[in-house]
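**Q** Here it is: the structure, laid out below.
The values are calculated or read from the model by the stated rules, or taken from the named source; none is laboratory data. Predicted, not measured: the structure shown is a model, and the values here were computed from it. Because the Cβ atoms are built from the backbone with ideal geometry, glycine has one as well, and the counts that use them run over all protein chains shown.
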Amino acid sequence: MHRSSGKSKNSKTASAPRQKISYEKKVDSVVSEYSAIALNWLRKAEFLMSAPKLDLCVEDTGYEVAFAGRSNAGKSSAINAITNQKQLARASKKPGRTQMINFFSLGNPNQRLVDLPGYGYAAVPEAMKIVWQKELENYLIHRQSLQGLILLMDIRHPLQHFDVMMLEWAYSRQLFVHVLLTKSDKLNRGPAHQALLDVKQELKKMKLNFSIQLFSSLNKQGLEELASVMGGRLNFTLDNPTGFDLDSIPEASESDLELEQNEISEQQPLISDSDKTE
Ligand SMILES: Nc1nc2c(ncn2[C@@H]2O[C@H](COP(=O)(O)OP(=O)(O)OP(=O)(O)O)[C@@H](O)[C@H]2O)c(=O)[nH]1
Ligand SMILES: [Mg+2]
């Protein structure tokens, strides 16, 4: 769009030069404000209760988001990282650590996180595995307050048989899923991003249109992105006077494309390779 300034070509202005930035950058800065506040809110998490089966779970009202994935994928560690608490959920080197459905409230009992037992752990006795899987299935099928799954896969072993089954099942039931490729600190930055692209491609091939990100509980990569997704699913809105609501972001218009340079907010830098720990 051409705009006439009404000044001659040679006239100089005292104001700062205007720079075109994309509409996405404006949205990014608003979203990053939302994720930072959501992240802070997630720190309110408190242990609520553990249940061995669906009928013993906390009352099925409000909103909850559950962390699912293979045993040892890093679910409990991710809950500790996102809530900034060392031992809220029990993490362990020994696979099969989480054996109950564990609930955590977020400031009020109607917004909850859930740590699920892992699936696919071969060393669990067959009879026990069948019981666990039945309970997990019951929870996933019948839980009304379940607003979505955070599905974790170790970045070095993504899309194993059970993961694909879980993803296809969730898709068929129109259950929201956000995928985390965990332990991203185990790979250098280049290979980690390649793994992300590869899994995205695979999901696309399988027509599983789920969002996905890199994540590390160790070096905290991906916390804000995850907080933003979880806040959205848990109906977390900002209590500020502007009453910001993510759904209220309007479609881009041409006038949005030209903003003052000081409105540009830098995105978080990617984790440097020096942060990598074994
Ligand atoms: N390097 C690294 N190790 C991690 C990370 N997240 C988890 N781990 C390790 O992976 C192991 C399993 O982590 P948990 O969080 O207990 O895994 P889980 O998915 O809850 O396992 P179950 O409860 O058995 O289903 C532990 O030894 C963690 O320290 C990570 O981001 N980076
Ligand atoms: Mg666990």
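**Q** Considering only the stretch 164-184, I want to know if a residue exists there that is acidic (Asp, Glu) and within 16 Å of ligand 1 (Cβ to nearest atom).
**A** Checked against the condition, which is being acidic (Asp, Glu) and within 16 Å of ligand 1 (Cβ to nearest atom), the stretch 164-184 yields no hits at all.
Here's the yes/no breakdown for (1) closer than 11 Å to Asp115 by Cβ; (2) surrounded by 23 or more Cβ atoms within 10 Å (Cβ to Cβ):
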residue	(1), (2)
Glu46	no, no
Ala51	no, no
Leu54	no, no
Val58	no, no
Tyr63	no, no
Phe67	yes, yes
Ala73	no, yes
Ser77	yes, no
Lys86	no, no
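**Q** On the given criteria, is Lys207 surrounded by 14 or more Cβ atoms within 10 Å (Cβ to Cβ), at pLDDT 90 or above and at positive phi?
**A** Against the criterion (surrounded by 14 or more Cβ atoms within 10 Å (Cβ to Cβ), at pLDDT 90 or above and at positive phi), Lys207 does not qualify.
**Q** Going by the structure shown, is Leu136 hydrophobic (A, V, I, L, M, F, W, C), touching a Lys or Arg at 6+ places or on another chain (Cβ under 9 Å) and under 29 Å from Leu218 (Cα atoms)?
**A** Taking the combined requirement at face value, the residue does not satisfy it.
**Q** For the stretch 210-219, give me the residue count where each residue is assigned to a loop (DSSP other than H, G, I, E, B) and surrounded by 21 or more Cβ atoms within 10 Å (Cβ to Cβ).
**A** Number satisfying all stated conditions: 3.
**Q** While we're on this one: What number of residues within the stretch 58-71 are outside any strand (DSSP E or B) and at pLDDT 95 or above?
**A** The qualifying residues number 5.
**Q** For the stretch 50-92, how many residues are of a type outside the set (A, V, I, L, M, F, W, C) and more than 8 Å from ligand 1 (Cβ to nearest atom)?
**A** Final tally of qualifying residues: 15.
**Q** Restricting to the stretch 52-71, name every residue that is more than 15 Å from ligand 2 (Cβ to nearest atom), in contact with a strand residue (DSSP E or B) (Cβ under 7 Å, 6 or more places away or on another chain) and hydrophobic (A, V, I, L, M, F, W, C).
**A** Cys57, Val58, Val65
**Q** If a residue has to be basic (Lys, Arg) and within 14 Å of the chain's Cα centre (by Cα) to count, how many in the stretch 60-79 make the cut?
**A** Looking only at that region, the number is 1.
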